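Only one structure is covered here, and it is reproduced in the block below.
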Amino acid sequence: MKQEHNKAHKFGMVIDLDKCTGCGSCMVSCMSENNVPFKDDESDKKKSITWMRVYKLTNGKSFPDTEIVYMPRPCQHCGGKGDHGHSPCVSVCPATATDYGYDTGIVSQIYTRCFGCRYCMGACPYHARYFNWWDPKWPEGMEKYLSPDVSPRMRGIVEKCSFCYHRYQAARDQAYAEGDKDNIPEENYQTACTTACPAGAIVFGDLNNPEHKVHQIVKPDPHPDPRNKHVVGKSRNPKVFRLLERLGTNTKVYYLSDREWVRKQGDNYLEGEWDKIKNHHGDTSHG
Amino acid sequence: MKVDRRSFLGLGLGAAAGITVSPMMLKIMDDSSILTQTTKTWPWALDHPPFDGEVSYESSVCSLCPGSCGISVRKIDDRPVKIEGLADYPINDGGACLHGIAGLQYLYDPARVKTPLKKNGDKFEEISWDDAIALVAGKLSDIRKSGSPEKLACIADKGQGSVSGLFKRLLKTFGSPNFYTMPSLESYLEVTAAALHGEGKTIGFDLENANFVLSFGAGIIEGWGSPVNCFKANASRKDRHAKLYQIEPRLSNTAANADKWIPIKPGTQADLALGMCAVILKNNLFNSMATGFTGFSKLTAMLQKEYSPSKTSEITGVKAADIEKMAISFAKAKMPLAVFGKGRGDGAQSLKEMAAVHTLNCLVGNINKKGGAFILPKNDYLEFPGESMDNTARKGFSKAKTGRYVNQLVEKVNASSKPVVEALFVYNSNPCYALHNPKSVKEAIGKIPFVVSFSSYLDETAMEADIVLPSHTFVERLEDVPSGAGLAKTVVGLTKPVIEPVFDTKNPGDAVISIAKALEGSIAENFEWESYEECLENVTSGIWDSLSEDGVAVISEGVPSGFVNVNISFIANNPVTIQAQGDYDLTLIPIDNMRLISAGTAASPFAIKTVADTVLKGTDIVVEINPLTAKGLKDKGFATLTTPMGTARVKVNLNEGMMPGVIGMVEGLGHTFDNKFVSNKGVNVNDLIGPVIESGSGLDAAFGIKAKIS
Amino acid sequence: MLPFCFEWVWDLGHVLFIGGLLFAPIGILGAGLTYCAVKAAYETINDSGESHH
Amino acid sequence: MDSALIPEGAKRCSFPKFYMGIAVVGAVVLWGLLAWGLIYWKGLNQTNMNDYYGFALWIWADLAVIAVGGGAFFTGLLKYIFKIDELKNIINFAVIIGFICYSSALLILAIDIGQPLRGWFIFWHANVHSMLTEVAFCLSFYFAVLTIEFIPNILENRQANKVSFFHHLAHNMHGIMVIFAATGAALSFFHQGSLGGVAGVMFGRPFSFREHLNIWPYTFFLFTWSAAAFWPCFTLLVTKITETITGKKLVGDKTVHLLSKIAGWMITSYIIAKIIDTIYWATVTAPSLGFKWTHFYSNNALYGKWMLFTELILCGVLPGVLLIMKSTRENSKLRLLAIILGVIGVCLNRWVMVLQVMAVPVMPFDTWALYIPSWQEMATTILPVAYGIILIALTYRYLPVFPQEQELNYPVEEEAVDEPVVAPAAEPVAATE
């Protein structure tokens, strides 16, 4: 069991917020890759399905010292406390419609299993889960561009980013066909947002594979954080952080920024706490 | 009685119990869930799940904007399902912008024109292609017979490429010089190059290599130039340790991403550039070649008098010390580059500003150097055979153009009581939306007796037309797509049809050829191609092999060589800086947002979906305003915005990234055609801004307009 | 969820949870009701219970 | 007209008068059914819920009715297991209230889910780690228990009881009621708790997250405890309302005082536990996740510290104390005040654990999300209230619900005069909230 675990993939992402321009390519690439529907008015962002959502963050200062950064937020594919696979959403789904892939680290969503109780949405602090409040409807003829790789969702169920799981399946099939099923080359499995990003701000790959760029940037610490035993996989790169890391969600989406104020926006800190913590960022390596 | 009731009750209970435990229940439950498994169940939803089939990829070029990116279209059998950036393409190398990725939504756009249309009263009726061509040709013949062929005009989106070439050729052999293009960065680059370096040239910016970019409001990551190319150049900046300073009144995405944001009073970029020139000259930091520029001494004298740091500071609102520091670091940088073209670079621009900024390049000597500004010959790969013209054509064509730019054409048409233009072709452009004061444009078009629109969509301008000849969209059409847009290299790509036309549309090239043939005589003689395809192969023969095999031909790459003549007398004369129209206290400026399209085409439903609720909320447009300026206005509250051109109900976004005294309104909203996903949302900022013509250049240089908000 | 179905796992969670909260209540309530009903039916036929109030 | 169905010796209002009242409440039911129909036909877009508010108004109502309906299980426990015989005077009514509350809860869940036809997946594809699975299991079976407990009461109807089989069945069910009651008590304990667990296990939501005691967060026990503590308030309140409307005394003072006393001690002990829990959460749990407790009560239009004060002190400590002290407990006005405060308190607690949880921003750059329910949501939330009123009216009219009714109202000989006014509540009293 232990050995198998070591072999398992752990797909993840690191997003360079200093490179991100907020252009929206990742969002649209995701929508068209995954047959995401659209409706007349999408300006109510609390009712707008965007698996990949780009948040606009500011440093809160006034003119002319104000700064902006864009933060793309796909599903964070949490590993849950201690990275044991009990993501906030997976552990609460009553019908096992969302599941944690121990071989990939990907949190799946089975649309035909979900009956729409929305407990997972309540459990997710990242608002990465979306409910189909309406029937998906395409203008006449437009359904012809739908991709057969991802089934369109019916109303009344929850959907979310799958790290383009169908692309993983295709890459895995290819690896099988080529006779080396354990070796999925980095470039063979890339999510739609990663490949679309014109700024190259998104890097995707296997966090468990030291040859992958994402591993090299993140340098995930395999040991629990000595300050918080629930946190595993903390980055040893001082410029890399995760969203709400302290909750112990153990996300697989990392963010990178040179700017301190940006890194600080990644989590909640009590007054004065950040100044103590920031110096310890990425120092928990155990060799 | 008692027995009856008892047995009845017993029977009922027994039946209920029986049904509950029988397999029927299981069957019903199982069916019920299967019923919900597919969207097919719901008649109002999808008819069927997407069909599977064989996967293939086809390469093409996106022509939605001047960026001209290579795209890879994933197909399932003959059905395109996804557009992605094409790896290794010389412009975008795999990247793609959201509009291109959403390209398939344009294919099935509800506003598409499905067949030729003829206006009958207020309504369009469908007609056949043959009838439509005959109608157009008949009308044109009448005009020609009346002896004033110059009264046929054409407005196209750009002047390059073989389709524009065919339009020009048609006009020329018909006898009209009145070919116009919509304002675009490409046209501004040519105008600026003409002013400083002579006719027939354009400017390319080597953003990929420059190590100090001084952008005078150019929205390098807002869609300026060739967007994806700029994104890539900008992203590599971090690794190259190159600097970007962004000079504009608003904390745009480019400003936010830049190393430094220098807020400046709207419309004073030219003055800042000149102030910096003055510092460079004063500190002897200019390239020795500069003394040989025509007008150098005049410029030096003028700058010393008019553009001292303190004076410049007063005009621009930028601190004098900052101006000096910035000018000195710019001049001392290894590969400095000053970039002009506010926003996307396709809106109104002032030649003074562009020339002043480019003078900075000239002074520091980065012309035709790595990381600098490249002076390139105008992209001229097309080899149309020489025209044969009859007398009427020659006479008409030799007449002066009605106006220099579209704006003047509109003005002239509106000013005259007699028809200045008898017939108008509108190709791939939407002047009734994209120009300042579209109301006057509509008025002018209404005065033209016969308007033919070559458009894929029933957009604002097509709605005003008498005949609509529907075009293939870029995924259905064959076309050569030359890059322009300030790229440091010259590339021609080939857009290829990746799907059979969905509707009864034609390649606009074919439409033009058909019209020409129907006009017969000397005009038809000039269009002796069987089809547009044959024409394209013919006129691009020099690069056709490369185009057809690789899908792209690189015409020039790398640093151009050769001496470049520089003439700075235009700027040395210190032309007047354009002022905003009106006398309210605040200034309204248009904002460029990558997720919207400011030119004629509307953004796709997907793109609109990505637009933040601080830009568009419901059907209300949201304007950005500094909290200091927004006295009494509440964030997310409604307000009335008034300019000399009109008023609009807007929502307010209190934004610290906006310079006090300035209101920002996004471009690209307020479309009015029939597509509920993108239209009737917000207002068109052009409705609130009127053109202000720059004397000398004749350009509409309105950077904004005075406004009040309450 | 039935034991031996494809999703069933033989672990403490499933045995305790599904057994204790699904099959146990069904069993107890079912058996209790059946007992009452059968006894009542028997009593009705024999009319051996208390007569009407 | 329906006199043959009315319990022997009981006085009820005239047939037309009764059904006029039912019709008025029935109109509200129809309104609710219309909304329900719309929601099923057009989907949950008929509500104002959104991706931030996946749980909203009616989930609060669901939790609230279950909290206040907890009386049935606790009364059953006390009467059948702990043999507190005095409670026989209210057990029928407690069971009916429980039945109404639990059927309402199930009804709300049926309306709430996006794919109602797949509702049974929760049993068929159960995830044993999910608190909601536990809720669904226990809720359904406990509802079955309540139905079993309710059946004998129905069978005691004058006409039904004439059927020999029903008579025997009712008798036999009474006979083994202790087994059902014990099963019900166990199930109810678990699902009251697991409803608390629903919020408590959400470790992504620092406002509701509570640390664990084995597999259960503290909210598990707090919910069970609070339901056991506050049900007498609700049962007494509904009894009081029924007494006011019928103009009769239906439950003896002795029983009322006993219930009040139970409530007083339970509430007080609960509120102490709740205050300890809150303090621990505010000083240990939340800060360990980077939050100062005031974060959850500031920067928004609704959720302020007043809410915490109201829930814990005004509607917790105060009713507890009022019901513990004999003098205030036996003062009918103060007792009424205390039970009303108690009902508000527990409902407020459920509101906080459902809606405030969703409203609180967790990501530092997120903002408070407030929402206003649509009329369809309100209608479907009021629907169970109206249905409860009708059911109470019907059971009161046709079933021998209150064993003490005779002795309290017609102690000596029958007085045929003074026909009491029996009109079911037309005004929407919070009968089943």
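The values are calculated or read from the model by the stated rules, or taken from the named source; none is laboratory data. What you see is a predicted model; the values in this text were computed from it and never measured. Reconstructed Cβ throughout: ideal geometry from the backbone, glycine too, with neighbour counts over all protein chains shown. For accessibility, only protein heavy atoms count, side chains too; no ligands or nucleic acids. Shrake-Rupley method; radii C 1.70, N 1.55, O 1.52, S 1.80 Å.
Along the charge dipole of the protein assembly as shown, which of D:V346, B:G542, B:G147 sits closest to the positive end, that is, farthest toward it, with unit charges on the beta carbon of Lys, Arg, Asp and Glu (+1, +1, -1, -1)? About the Cα centre, the residue reaching furthest to the positive side is D:V346. Restricting the calculation to alpha carbons of region D:1-92 gives Rg and Dmax of 20.2, 56 angstrom.
So if I place +1 on the C-beta of Lys and Arg and -1 on the C-beta of Asp and Glu, and nothing else carries charge, what would the dipole magnitude of region B:445-586 be about its Cα centre? I want it in debye, nearest 20.
Numbers: 6 positive and 23 negative charges, 105 e Å.
The dipole of region B:445-586 has a size of about 500 debye.
Globularity index of chain C is 1.84 (Cα radius of gyration / 2.2 N^0.38 Å, N = number of residues).
When all alpha carbon pairs of region A:2-278 are counted in 5 Å bins from zero, the resulting P(r) reads 1, 5, 12, 16, 19, 18, 14, 9, 4, 2, 1, 0 %. Calculate log10 I(q)/I(0) of region B:576-671 for q = 0.10, 0.23, 0.25 Å⁻¹, where I(q) comes from the Debye formula with a single equal point scatterer on each Cα and nothing for solvent. Once normalised to I(0) and log-transformed, intensities are -0.27, -1.28, -1.41. Listed by chain and number, the aspartates and glutamates whose C-alpha is less than 13 Å from the C-alpha of B:K609, apart from same-chain residues fewer than 8 away, are A:D40, A:D41, A:E42, A:D44. Across region D:209-252, counting alpha-carbon atoms alone, Rg and Dmax equal 17.0, 50 Å. Computed over the alpha-carbon pairs of region B:239-378, the distance histogram in 10 Å steps reads 12, 44, 37, 8, 0 percent, short to long.
Calculated mean residue ellipticity at 222 nm for chain B: -10000 deg cm²/dmol, from DSSP H runs with n ≥ 4 weighted as -39500 (n - 2.57), summed, divided by the residue count and rounded to 500.
Overall, region A:203-281 carries a charge dipole of about 40 debye about its Cα centre when +1 sits on the Cβ of Lys and Arg and -1 on the Cβ of Asp and Glu, all other atoms neutral. Here the protein assembly as shown carries DSSP beta bridges of which approximately 60% are antiparallel, counting only pairs with both residues inside. Of the residues D:T294, D:T310, D:T268, the one that moves most in a GNM of chain D with alpha-carbon contacts below 10 Å is D:T294. Averaged over the residues of D:176-183, the number of partner chain Cβ atoms lying within 10 Å of the residue Cβ comes to 3. Charge tally around B:G345: other residues with Cβ under 11 Å, Lys/Arg +1 each, Asp/Glu -1 each, net -2. Largest GNM mean-square fluctuation among D:F18, D:F365, D:F291, using chain D with Cα springs under 10 Å: D:F365. The 1.4 Å probe gives accessible areas that order D:D112, A:D275, largest first, as A:D275, D:D112. Working ranking of peptides A:173-186, A:252-265 by packing, defined as the average number of other Cβ atoms within 10 Å per residue, highest first, is A:252-265, A:173-186.
One equal scatterer on each Cα of region B:45-148, no solvent, Debye formula: the resulting log10 I(q)/I(0) at q = 0.20, 0.25 Å⁻¹ is -1.00, -1.24.
Kindly sort B:L107, B:L117 by accessible area of their heavy atoms, largest first, with the probe set to 1.4 Å.
B:L117, B:L107
Normalised by the number of residues in chain D, the average gap of Cα pairs under 8 Å and 6 or more apart makes the relative contact order 30 percent. Against the main long axis of the alpha-carbon atoms of chain B, helix B:129-145 sits at an angle near 30°. Peptide C:32-43 has a mean shielding of 6, counted as Cβ atoms of other protein chains within 10 Å of each residue's Cβ.
Take every Cα-Cα pair in chain D and report what % of them are more than 33 Å apart.
35 percent
Checking the Cα-Cα distances for A:K276/B:K243; B:K123/B:K506; A:K45/B:K631; B:K442/B:K636 against a 24 Å cut-off, the pairs over it are A:K276/B:K243; A:K45/B:K631; B:K442/B:K636. Quick check: the angle from helix B:185-197's long axis to the longest principal axis of chain B, C-alpha only, nearest 10 degrees? On a 0 to 90 degree scale, this one is about 10.
Taking all protein chains together and a 1.4 Å probe, the residues A:D83, A:D149, D:D277 rank A:D149, A:D83, D:D277 from largest to smallest accessible area.
Within chain B, the longest run free of exposed loop sites, counting chymotrypsin sites (Phe, Trp or Tyr not before Pro) that sit outside DSSP helix and strand states (H, G, I, E, B) and have at most 10 other Cβ atoms within 10 Å, spans B:45-562. Among the residues of D:133-142, the average count of other protein chain beta-carbon atoms within 10 Å of the residue beta-carbon is 4. Calculated over region B:476-595, the projected area of the Cα convex hull averaged across directions stands at 15.6 nm².
The residues packed around B:Y57, meaning those with a beta-carbon under 12 Å from its beta-carbon, carry a net charge of 0 if Lys and Arg are +1 and Asp and Glu are -1. For chain D, modelled as a GNM with alpha-carbon contacts under 10 angstrom, which of D:I372, D:I272, D:I344 fluctuates the most? Per the Cα network of chain D with a 10 Å cutoff, D:I372 tops the list. Cross-link reach is defined here as a Cα-Cα straight distance under 19 Å, omitting same-chain residues fewer than 8 places apart; for B:K395 the aspartates and glutamates meeting it are B:D142, B:E150, B:E387, B:E422, B:E520, B:E525. The C-alpha atoms of chain C define a longest principal axis, and helix C:24-46 lies at about 20 degrees to it.
Expressed to the nearest 5 percent, the antiparallel share of DSSP beta bridges inside chain B is 55 percent. Take B:K27: with every protein chain present and a 1.4 Å probe, its accessible area is about 120 Å². Assuming a viscosity of 1.002 mPa s and a temperature of 20 °C, what translational diffusion coefficient in µm² per second does Stokes-Einstein assign to region B:406-474, Rh being the Kirkwood radius over Cα pairs? In µm²/s, the coefficient is 178. Principal axis analysis of the Cα atoms in chain B yields extents of 121, 67, 52 Å, listed in decreasing size.
With no solvent and one point on each alpha carbon, what is the Debye value of log10 I(q)/I(0) for region D:74-118 at q = 0.18, 0.21, 0.30, 0.33 Å⁻¹? These q points yield log10 I(q)/I(0) values of -0.60, -0.68, -0.97, -1.05. Beyond 21 Å, the tail of the calculated P(r) for region B:167-286 holds 54 percent of the Cα pairs.
Put simply, the convex hull of the Cα atoms in region A:171-287 casts, on average, a shadow of 8.6 nm².
Rounded to the nearest 5, what is the percent of antiparallel bridges among the DSSP beta bridges in region A:2-278? Don't jump to the answer; show the numbers that get you there.
Details: 22 of 27 bridges.
In region A:2-278, DSSP labels about 80 percent of beta bridges as antiparallel.
Convert each backbone phi in region D:260-267 into a coupling constant with the Karplus relation 6.51 cos²θ - 1.76 cosθ + 1.60 (shift: θ = phi - 60°), then list the ³J(HN,Hα) values in order as whole Hz, x for Gly and Pro. Going residue by residue, I get 4, 5, 4, 4, x, 5, 5, 4 Hz, with x marking Gly and Pro.
Working note: Cα gyration tensor of the protein assembly as shown, eigenvalues times five, square-rooted, sorted largest first, giving semi-axes of 72, 35, 31 Å. Basic side chains Lys and Arg get +1 at the Cβ, acidic Asp and Glu get -1 at the Cβ, and with that the dipole of region B:582-689 about its Cα centre reaches some 400 debye. Histogrammed with a bin width of 5 Å, the alpha carbon distances of region D:94-237 distribute as 2, 9, 14, 18, 18, 15, 11, 7, 3, 2, 1, 0 percent, first bin at zero.
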